[in-house]
Every structure is written in C-alpha cells, then in structure tokens.
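Chemist: Provided herewith is a single structure, encoded as structure tokens, for subsequent inquiry.
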Amino acid sequence: MASTPRDFGPVVRLEAESQGPPGRRTFRLLIANEYELASLWIEKEQLQALGLAIEQLLAQMDENAGEGTIPSGVASSFETIDAPVGRLGLGFDEASDLFVVVVYLPETGENDTPDFVCRASRAMMKKLSSQIEEIVAAGRPRCPLCGAPINPDGHVCVRSNGHFSMS
C-alpha cells in the first residue's frame, strides 16, 4: 500500500526498451529526473496499451499543448529505483502544461495512491510512442487467425482446428 507517491516531477528521460530475443524479451520504462532513475519492468501488453493511449491523447490535444518546461541537466550520480509495474495511468496536467504518467506497483490496491508520478513534454511522449511502436513491431509475428505469437518453428493454431502453421 503506497502512502505517498514518488513524484519524479518533470523528467529529463522517459524511454522504453526491450532486452533479449523475441519470445523471451523483457520490457521496461526508464524514467529519470535530475536526481533519480527508475527502471520499471512492464509487460509487453502494458507497453503496447501505453503506446496506444499516448497516441490517442496526443491526437486529442491542441498542437501547442504539452510543451511545458523540462529541466535540462542531470546529476552525475543517481538514486536508482528498480521495480515491476502493476498498472499505469496517463493524463495531462494543464497547470504545468505537461503529460502525466502514473505507475502503480503490483501490490498497490485499487484505491491506493500511485507509487510513481512523472511529467513529460509532448516531444518526450511522441518519442516514447515511437519507441514503443518499434519495440512491439520487433517481436514475433502474430497469427492472423488467433492472434497468438508465432515461434520460428510455427505454432498450433486453435482457430484452424489445431493444425500446425508455418506463417
């Protein structure tokens, strides 16, 4: 149960990355302000949903919205946080003119406050959306019938009556 959120404020870094070969990849968000770096481990589906939410929010925004002030420098040493993501939220803070990302750890309850909060500019959000799109596209292809990932040696598709498919 989170008592008060870790507020990263305006961040200088907000990136997505994957590690490992397709089918065995792990995914994370890297979030840094001037003094802290968070490495937040995330499921591929969560990352994909975040990318779609960013695109939708950007499409709804005024062209000039989301260009608030972001600090320019970073400290030479960081306090590092390494944690898994349970849930994510995305919004826009009109007061700071920045997009807001909220992160809940897996053990955080439905009515608890978020564990992490950060703010990012429109440019950062566009870049993050592009990174997510590239990461998701670099994974295993999906079966056109059932949507399951296709391994290099094919897969057994439940929608084609269990027949082996080499798509």
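The values are calculated or read from the model by the stated rules, or taken from the named source; none is laboratory data. Note that the coordinates shown come from a computational prediction; the quantities given were computed from them, not determined experimentally. For neighbour counting, all protein chains shown are included, and Cβ atoms are generated from backbone atoms with ideal geometry for every residue, glycine included.
Chemist: Look at region 1-37 and say how many of its residues are in contact with a Ser or Thr (Cβ under 7 Å, 6 or more places away or on another chain), among the basic types (Lys, Arg) and either surrounded by 17 or more Cβ atoms within 10 Å (Cβ to Cβ) or under 30 Å from Glu67 (Cα atoms) (or both).
Modeler: So the count comes out to 1.
Chemist: Identify all residues within region 2-31 that are of a type in the set (A, V, I, L, M), farther than 22 Å from Thr108 by Cα and in a strand (DSSP E or B); write none if there are none.
Modeler: Leu14, Ala16
Chemist: Of the residues Ser130, Ser121, only one is within 30 Å of Tyr35 (Cβ to Cβ), modelled with pLDDT of 90 or more and under 13 Å from the mean Cα position of the chain (by Cα); which?
Modeler: Step by step, each of Ser130, Ser121 is checked, and only Ser130 is within 30 Å of Tyr35 (Cβ to Cβ), modelled with pLDDT of 90 or more and under 13 Å from the mean Cα position of the chain (by Cα).
Chemist: Counting only residues that are free of Cβ contacts under 8 Å to residues at least 40 places away in the same chain, under 20 Å from Met61 (Cα atoms) and in contact with a Gly (Cβ under 7 Å, 6 or more places away or on another chain), how many does region 93-136 have?
Modeler: The qualifying residues number 2.
Chemist: Right, something else. Please go through region 1-39 and pick out each residue that is more than 14 Å from Cys118 (Cα to Cα) and in contact (Cβ under 8 Å) with a residue 40 or more places away in the chain.
Modeler: The answer is Met1, Ala2, Ser3, Ala16, Glu17, Ser18, Pro22, Gly23, Arg25, Phe27.
Chemist: For region 85-128, what are the residues that are surrounded by fewer than 20 Cβ atoms within 10 Å (Cβ to Cβ) and under 17 Å from Gln48 (Cβ atoms)?
Modeler: Gly86, Arg87, Leu88, Gly89, Leu90, Lys126, Lys127
Chemist: Any residue at all in region 45-64 that's surrounded by 12 or more Cβ atoms within 10 Å (Cβ to Cβ) and in contact with a Pro (Cβ under 9 Å, 6 or more places away or on another chain)?
Modeler: Within region 45-64, none of the residues are surrounded by 12 or more Cβ atoms within 10 Å (Cβ to Cβ) and in contact with a Pro (Cβ under 9 Å, 6 or more places away or on another chain).
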